[in-house]
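I have placed the structure first, in the form of structure tokens, so that the comments after it can refer back to it.
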Amino acid sequence: MRSNRAQPIILLLLLVGSCSLYQCYASGYDANQTAWLFINASEASGRKIPETLFGIFFEEINHAGAGGLWAELVSNRGFEAGGPNTPSNIDPWSVLGDESLLIVSTDWSSCFDRNKIALRMEVLCDVGGANACPVGGVGIYNPGFWGMNIEQGKTYKVVLFVRSLGSVNISVSLTGSKGLQTLASANIIATDVLNWTKMEVLLEAKTGDPNSRLQLMTSRKGVIWFDQISVMPLDTYKGHGFRNDLFSMLQDLRPGFIRFPGGCFVEGDWLRNAFRWKETIGPWEERPGHFGDVWKYWTDDGLGHFEFLQLAEDLGAAPVWVFNNGVSHNDEVDTSSVLPFVQEILDGLEFAKGDAQSKWGSVRAAMGHPEPFDLRYVAIGNEDCGKKNYRGNYLKFYAAIKHAYPDIKIISNCDGSSQPLDHPADFYDYHIYSSAKTVFSMAHKFDHSSRTGPKAFVSEYAVTGDDAGKGSLLAALAEAGFLIGLERNSDVVEMASYAPLFVNTNDRRWNPDAIVFDSSQLYGTPSYWMQHFFRESNGAILVNSTLEANPSNSLIASAITWKNPEDNKNYLRVKVVNFGSDTVILKISIDGLEHNSLQLLGSTKTVLTSSNLMDENSFKEPKKVAPVKTLMDDVGKDMEVVLSPRSFTSFDLFRKTDSTLIETFDSSIQKSSL
């Protein structure tokens with residue numbers, strides 16, 4: 001929508017000054033402008049919002065999974081990150097001790113067929129004598145992903161595969177960043193390790209350090225081979241391997257779906273580096289891992305196809321699997337040769353949905369999940385619509401999947417918002433990354449879209465560029481306006497998700513992101529907190545609302561009715577974005593409810609704003625820009641409320657129904673942060 005030009009206002013003795021872009025989004029408003037919002041709160045005239053409207057999109061970017069949500073603490077655990085050739089780069093593994101006392105190299109001696117690289121450590125010193133090893137010995141260490149967060153009192157499972165021509169005595173320890181302080185340690189002593197042997201040690205940390213490392217040391221002369229070394233905390237979410245604090249951030253969004261595993265990560269710059277689901281299942285030590293050449297880092301693929309499906313189930317979100325369709329950024333498979341790729345995806349669907357006796361369903365069952373996963377959505381490719389072979393390849397996948405799994409909903413990469421698709425699809429994908437002004441105006445993108453045919457899946461949206469910084473209030477307000485537009489058009493928009501979801505602050509490949517973290521800390525950006533306002537929208541009833549303002553280009557509003565599952569109370573929620581620089585007096589008129597059904601007791605107002613549009617959150621101030629909830633001062637069918645400049649406000653009005661019992665509300669809490 002094109003912004004309206006401000007009407008000239010002539011006042012005597014007016015001093016005209018300039019204002020910045022961020023001060024002038026509502027250039028037509030006088031201070032304390034009045035606007036009117038008319039709501040018909042009758043659910044009979046409303047429309048149910050899809051259960052899947054607001055969800056999340058996980059891509060392996062910014063070390064979101066490896067070194068993030070996936071709780072594995074060892075980086076490059078199989079020494080494969082340097083590629084299949086030898087000598088191989090073992091980074092971030094390093095030698096510990098005088099290099100004249102040991103020789104570290106790589107060879108192809110691993111017992112795992114799909115990842116043959118192993119580390120060979122030849123120790124030249126010994127327990128005593130003229131060439132005695134230093135106190136503590138020599139060896140190797142791994143700092144993890146910019147430091148391992150070892151917490152006092154917690155237990156960590158260390159697994160390593162070892163081989164040697166003689167007996168071994170290996171000290172396994174978790175230490176501080178310099179190796180000077182031992183947090184936990186144990187010794188592995190074995191006499192018969194001529195063949196590869198799996199060793200397991202549980203280490204309980206006596207003290208903590210967010211920048212710890214794993215050390216493997218010995219004082220015994222000889223050759224030791226190491227492979228597939230893992231350190232995992234025992235207290236991952238349900239034991240499923242997800243880092244608890246990051247999982248909790250996702251859970252708090254109550255997503256209706258999760259799209260995975262990418263993104264460009266699925267495509268690869270080249271097909272040889274695309275995500276292949278079969279390489280990511282089975283025992284973790286047998287997975288070969290791969291180099292994600294788009295985002296330029298290695299992943300061991302501990303977070304694989306099975307784990308993504310498990311993550312969706314743990315979140316109570318519908319899984320949306322994005323798969324490669326024989327197209328990367330730089331090469332493509334001709335449609336005449338794409339059938340092996342099609343079969344690969346049919347096998348992946350059987351892995352997820354097949355019974356435990358099927359070929360691939362039995363593999364899933366062996367991994368601990370005999371019941372099928374509830375996979376109902378797949379996307380054929382990512383951003384591939386303009387590629388030469390996409391449409392031909394797409395039709396091959398579409399026909400095969402619909403024949404084998406007619407219940408699966410298929411998402412096309414081609415945009416169907418402005419004109420009909422030239423191929424069959426259940427949904428079409430739509431992405432938007434742009435300035436705050438553009439994203440806010442796109443709230444009306446789907447107002448005039450066809451109400452028949454495939455629905456939209458807005459799988460990637462965000463404000464980017466100078467307006468966004470590393471996650472600004474300005475970006476969040478624009479995105480909030482855009483989402484209100486999607487909510488109002490939820491008859492033709494089925495799903496929407498912000499992107500990217502995570503960033504490890506040590507490897508920021510993209511700005512901005514929803515959740516920022518390192519080994520031990522995390523915070524949500526304003527865009528993360530903005531999404532909290534839409535948590536109750538999935539499955540709610542969108543009721544009719546009409547906003548009257550002059551000009552109207554800086555305000556947008558919607559209204560829903562929803563029931564709180566925790567106490568079964570009913571609410572009318574009114575959401576309003578004031579994208580302008582002036583205070584707005586909003587007069588709300590509500591019709592369609594029983595007399596005196598709106599109750600002051602239990603009604604709240606929640607506001608997202610800050611003193612500066614470019615304010616951001618940080619590890620030091622994680623909630624500098626976060627929703628603030630207060631009790632309502634007045635509630636009724638006719639209300640007058642104040643909208644702060646540059647703010648996102650939600651009014652939750654408690655609705656008394658015939659079946660509602662009014663409970664005591666703790667009015668002593670006047671203000672709390674979500």
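The values are calculated or read from the model by the stated rules, or taken from the named source; none is laboratory data. Just so it is clear, the structure is predicted and the values come from calculations on it, not from any experiment. In this analysis, Cβ positions are derived from the backbone assuming ideal geometry, glycine residues included, and neighbour counts consider all displayed protein chains. We work out accessible area using only protein heavy atoms, side chains counted, and drop any ligands, DNA or RNA first. Shrake-Rupley method; radii C 1.70, N 1.55, O 1.52, S 1.80 Å.
Can you flag which of LYS388/LYS445; LYS154/LYS409; LYS620/LYS656 are past 32 Å Cα-Cα?
Numbers: LYS388/LYS445 28 Å; LYS154/LYS409 43 Å; LYS620/LYS656 42 Å.
Long pairs (Cα-Cα over 32 Å): LYS154/LYS409; LYS620/LYS656.
In µm²/s, what is D for segment 549-597 at 25 °C and 0.890 mPa s, where D = kT/(6 pi eta Rh) by Stokes-Einstein and Rh is the Kirkwood radius from Cα pairs? Numbers along the way, then the final one.
Values: Rh = 13.2 Å.
Estimated via Stokes-Einstein, D reaches 185 µm²/s.
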Inset, instruction - With only Lys, Arg, Asp and Glu charged, each at its Cβ (+1 for the first two, -1 for the last two), find how big the charge dipole of segment 48-100 is about the Cα centre; round to the nearest 20 debye. - result: 280 debye
Inset, instruction - Specify the inter-centroid distance of segment 245-310 and segment 556-585, based on alpha-carbon positions, in whole Å. - result: 36 Å
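I need the peptides 425-434, 643-652, 522-531 ranked by packing, meaning the mean over residues of other C-beta atoms within 10 angstrom, with the highest value on top. Walk me through the numbers before you get to the answer.
Working: 425-434: 19.6, 643-652: 21.8, 522-531: 24.9.
Result, highest mean Cβ count within 10 Å first: 522-531, 643-652, 425-434.
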Inset, instruction - Calculate I(q)/I(0) for segment 218-327 by the Debye formula, one identical point scatterer on each C-alpha and no solvent, and give its log10 at q = 0.14, 0.15, 0.20, 0.21 Å⁻¹ to two decimals. - result: -0.67, -0.75, -1.17, -1.24
Inset, instruction - Assign unit charges at the C-beta atoms only (+1 for Lys and Arg, -1 for Asp and Glu), then state the dipole size of the chain relative to its Cα centre in Debye, rounded to the nearest 20. - result: 380 debye
Legend entry - Listed peptides 122-131, 268-277, 354-363 by packing density, highest first (mean Cβ within 10 Å): 268-277, 354-363, 122-131
Inset, instruction - Express as a percent, rounded to the nearest 5, the fraction of DSSP beta bridges in the chain (both residues included) that run antiparallel. - result: 75 percent
Legend entry - Nearest-ten-degree value, helix 339-353 long axis tilted from longest Cα axis of the chain: 80 degrees
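Below 8 Å between Cα atoms, with a sequence gap of 6+, how large is the relative contact order for the chain in percent? Each step should come with its number before you reach the end.
Details: 1652 pairs, mean separation 113.6, N = 674.
Value for the chain: 17 percent.
Would you work out the relative contact order for segment 502-568, in percent, from Cα pairs under 8 angstrom that are 6 or more residues apart? Each step should come with its number before you reach the end.
Values: 61 pairs, mean separation 13.6, N = 67.
Rounded, it is 20 percent for segment 502-568.
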Legend entry - Dimensionless Rg ratio for segment 51-184, taking C-alpha atoms and the 2.2 N^0.38 Å reference: 1.28
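How much area per residue is accessible in segment 185-296 when the probe is 1.4 Å and only protein heavy atoms are counted (Å²)?
Working: 4450 Å² over 112 residues.
Counting only protein heavy atoms, the per-residue value for segment 185-296 is 40 Å².
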Legend entry - Tilt relative to the chain, helix 473-488 - C-alpha long axis, 0 to 90 degrees, to 10: 70 degrees
Legend entry - Positive dipole terminus of segment 34-85, leading residue within ALA71, PHE57, ILE39 (C-beta point charges): ILE39
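Any idea what the alpha-carbon Rg over 2.2 N^0.38 Å comes to for segment 397-513?
Ratio of Cα Rg to 2.2 N^0.38 Å: 1.19.
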Inset, instruction - Largest first and to the nearest Å, give the Cα extent of segment 33-100 along each principal axis. - result: 80, 32, 19
Legend entry - Per-pair calculated FRET efficiency, R0 = 35 Å: ASP374 and ALA186 via Cβ, rounded to 0.05: 0.25
Legend entry - Nearest 10 degrees, 0 to 90: helix 390-404 Cα axis against the chain principal axis: 90 degrees
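Using helices alone, I'd like the mean residue ellipticity at 222 nm for the chain: each DSSP H run of four-plus residues gives -39500 (n - 2.57), total over residue count, nearest 500. Don't skip to the end; give the middle numbers.
Numbers: 9 runs with 90 residues, N = 674.
So the calculated ellipticity at 222 nm is -4000 deg cm²/dmol.
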Inset, instruction - Jot down the radius of gyration and Dmax of segment 442-597, Cα atoms only, both in angstrom. - result: 17.4, 57
Inset, instruction - Find the Cα radius of gyration of segment 403-442, compare it with 2.2 N^0.38 Å by division, and give the number to two decimals. - result: 1.57
Legend entry - Quarter of Cα convex hull surface for segment 559-663, i.e. mean projection, nm²: 8.0 nm²
Legend entry - Local electrostatic count at ARG508 - Lys and Arg +1, Asp and Glu -1, tallied over other residues with Cβ under 15 Å: -3
Inset, instruction - Determine, from the Cβ-Cβ distance of THR630 and ASN32 and an R0 of 22 Å, the FRET efficiency 1/(1 + (r/R0)^6), rounded to the nearest 0.05. - result: 0.60
Inset, instruction - Among GLY539, SER644, ASN568, flag the residue with its Cα farthest along the positive direction of the charge dipole of the chain, charges on Cβ as +1 for Lys/Arg and -1 for Asp/Glu. - result: SER644
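If packing is taken as the average number of other Cβ atoms within 10 Å across a peptide's residues, how do 580-593, 628-641, 508-521 rank, most packed first? Each step should come with its number before you reach the end.
On the way: 580-593: 18.9, 628-641: 14.6, 508-521: 20.9.
With the highest mean Cβ count within 10 Å placed first, the list reads 508-521, 580-593, 628-641.
With a 1.4 Å probe and every protein chain left in place, work out the accessible area per residue of segment 508-587 in Å², rounded to a whole number. Spell out each step's value before the answer.
Numbers: 2320 Å² over 80 residues.
Each residue of segment 508-587 exposes 29 Å² on average to a 1.4 Å probe.
Taking only the C-alpha atoms, wrap a convex hull around segment 523-620 and report its volume per residue in Å³ as a whole number. Let's see the in-between values first.
Numbers: hull volume 15.5 nm³, N = 98.
Output value, Cα hull per residue: 158 Å³.
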Inset, instruction - Let me know the Rg and Dmax you get for segment 296-351 when you use only its Cα atoms, in Å. - result: 14.0, 39
Legend entry - Average projected area [Cα convex hull, segment 452-543], square nanometres: 7.0 nm²
Inset, instruction - Taking only protein heavy atoms into account and a 1.4 Å probe, give the accessible area per residue of segment 350-425 in Å². - result: 47 Å²
Legend entry - the chain: equivalent-ellipsoid semi-axes (sqrt of 5 x gyration tensor eigenvalues, Cα, Å): 51, 30, 23
Legend entry - Which of SER164, PHE341, HIS329, positive extreme of dipole for the chain (C-beta unit charges): HIS329
Inset, instruction - Kindly provide the Kirkwood hydrodynamic radius of segment 143-195 in Å, to one decimal, from all pairs of distinct alpha carbon atoms. - result: 12.9 Å
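Can you check what the net charge comes to around ILE90, using other residues whose Cβ is under 15 Å from the Cβ of ILE90 (Lys, Arg +1; Asp, Glu -1)? The partial results should precede the final answer.
Working: positive: ARG77, LYS116, ARG120, ARG213; negative: GLU80, ASP91, GLU99, ASP107, GLU122, ASP227, ASP300.
Combined, the nearby Lys, Arg, Asp and Glu give -3.
When all alpha-carbon pairs of segment 280-385 are counted, what percent fall beyond 15 Å? Numbers along the way, then the final one.
Numbers: 3851 of 5565 pairs.
Value for segment 280-385: 69 percent of Cα pairs lie more than 15 Å apart.
How many percent of Cα pairs in segment 122-244 exceed 20 Å?
Values: 3336 of 7503 pairs.
Value for segment 122-244 (Cα pairs over 20 Å): 44 percent.
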Legend entry - Accessible surface of the chain [probe 1.4 Å, protein heavy atoms]: carbon and sulfur percent: 49 percent
Legend entry - Hydrodynamic radius (Kirkwood) for segment 356-440, which is based on Cα pairs only, to one decimal in Å: 15.3 Å
